[in-house]
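Working notes, beginning with the structure itself.
What follows is calculated from the coordinates using simple rules that are stated; it is not laboratory data. Predicted, not measured: the structure shown is a model, and the values here were computed from it. For neighbour counting, all protein chains shown are included, and Cβ atoms are generated from backbone atoms with ideal geometry for every residue, glycine included.
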Amino acid sequence: MAKVKIAIDISPTQDGNAVRGIGYFTSRLVPAMQQIIKTDPEYKDWQLDLIRNSKLEIRNFDLVHYPFFDPFKRTLKVNSSIPTIVTVYDLTPRQFKKHYPVGIKGELNWLSQKHQLKKTNLLVTCSHYSKFVISDLTGYPTDRIYVTPGAADPSFKVIGDKNKLKKISQKYHLSKKFVLFVGDIDWNKNIPNLVKACFKLKYPLVIVGSAAVQKNVPDHPWTTDLRWLQSQKSNPLLTLTGFVPDADLPAIFNLATIYCQPSYAEGFGLPLVQAMASACPTIFSQETSLPEISNFSGLMFNPYNPKSLTHALKKLWNSPKLQQEFVKKGLNRAKHFTWKLTARQTLAVYQLALLSHEK
């Protein structure tokens, strides 16, 4: 039997997306799929080829998968003769257009990208919430959008090595108790309200992410919250670590008293899963995908109400009993997210696309 040749574009692992969610997702998904193809007889005739340029000649492949989608750059050119799958994580900048102005060129590019997207066979996204938002904003049928959630790496776990935890605490000058946030600084992350709440309660706040210490931030509506955050960095309650190596991050989650995801909108919310896997109790916004990901394994609040956020922080900070309850629930919930499962779900979508193209 002839090989089934699958192309997956891994350019997100080679460009500026490498340190963002798209690059993280792609770099974990590909090895997990390769392992299944190598060991599972069901896929013995399959071959996964890694391409690094979406403009590369792909006519010799049986299926192509673009694990990224940029609403404002013309990156997508669908060849209708080949089954094509695209991963769309979220469309937050389109959903909240007021906070993400893109100009005439951006709007024209969005129309082009949306047109190309409708030519694809199937879409993949990371939450049921995102699935319906994508359908609403693009007109793409929901029955052709499949949910394949991401996962935390196995390194995110309970760390019993006290010396390792002590070294990481000293390396980043962490307080004995602190609130943690991990991620980019965009409008949807709702960082100013988190910072103000922690300052009001006098709780140390640690923000992990390279963007938080970015120099020469341009004066642009997309960077408003980042510029505001940098204006607060002299406050002793605030620690901006900048980029943290993958090897250090699980220990920081283990050391945190609370992990807080205060976002107005998230397509998935990977740090929430990483926190749960690391036995860090969580509080999170009641909006968009986060309740779906947590499934009642943490404390929810209204991100549009600063008092709701402050109340949630205070309630969890002052209750060791509640912390332990959410640690236990979070560890159980995190087991539902694995890269092996994500890989199997993705390969199943490939099979559907190949079968539907044959008809």
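R0 = 41 Å: FRET efficiency of LEU108 with ASP143, Cβ-based, nearest 0.05? If you can, show how the numbers build up before the last one.
Numbers: r = 29 Å, r/R0 = 0.72.
The value I calculate is 0.90.
Sum up the charges of everything whose Cβ sits under 14 Å from the Cβ of ASP40, counting Lys and Arg as +1 and Asp and Glu as -1, but leave ASP40 out.
+2
So if each residue of separation counts as 0.36 nm, and I subtract the Cα-Cα distance between ALA348 and LYS202, what length gain in nm does that give?
Numbers: separation 146, 0.36 × 146 = 52.56 nm, distance 4.91 nm.
The ALA348-LYS202 span can extend by a further 47.6 nm.
Beyond 20 Å, what percent of the Cα pairs of region 210-301 remain?
48 percent
Calculate the length of the line joining the C-alpha centroid of region 209-227 to that of region 60-99, in whole Å.
26 Å
If you average 1/r over all unlike Cα pairs in region 162-334 and invert the result, what Kirkwood radius do you get in angstrom?
16.0 Å
Stretch ASP45-HIS173 to full length: gain in nm at 0.36 nm per residue minus the Cα-Cα span?
Difference between extended and current length: 40.9 nm.
Under a point spin-label approximation (7 Å from Cα along Cα-to-Cβ), what is the ASN318-ASP136 distance to one decimal in nm?
Placing both labels 7 Å along Cα→Cβ, they lie 3.7 nm apart.
Using alpha carbons only, how many degrees (0 to 90, rounded to 10) separate the axis of helix 320-334 from the longest principal axis of the chain?
Rounded to the nearest ten degrees, it is 10.
Taking the chain as a Gaussian network, where each spring joins two C-alpha atoms under 10 Å apart, which residue of ILE58, ILE134, ILE258 fluctuates the most?
ILE58
If the cut-off is 20 Å between C-alpha atoms, which lysines fall inside it for LYS38, apart from same-chain ones fewer than 8 positions away?
LYS3, LYS5, LYS340
Once region 275-350 is represented by equal point scatterers at the alpha-carbon sites, with solvent omitted, what log10 I(q)/I(0) does the Debye formula produce at q = 0.11, 0.13 Å⁻¹?
Taken in order of the listed q values, log10 I(q)/I(0) reads -0.34, -0.46.
Need one number: nm distance between label points at SER81 and GLN34, each 7 Å from Cα along Cα→Cβ, rounded to one decimal.
3.0 nm
Round to the nearest 10 and give me the degree value, 0 to 90, for the angle of helix 103-117's Cα axis relative to the longest principal axis of the chain.
The angle comes out near 50 degrees.
Take the residue pairs LYS97/LYS189; LYS200/LYS307; LYS176/LYS321; LYS157/LYS315; LYS73/LYS97 and return only those whose Cα atoms are more than 20 Å apart.
From LYS97/LYS189; LYS200/LYS307; LYS176/LYS321; LYS157/LYS315; LYS73/LYS97, over 20 Å: LYS157/LYS315.
With runs of 4+ DSSP H residues as the only contributors, calculate the mean residue ellipticity of the chain at 222 nm using -39,500 (n - 2.57) per run, divided by the residue total and rounded to the nearest 500.
Per the formula, -12000 deg cm²/dmol.
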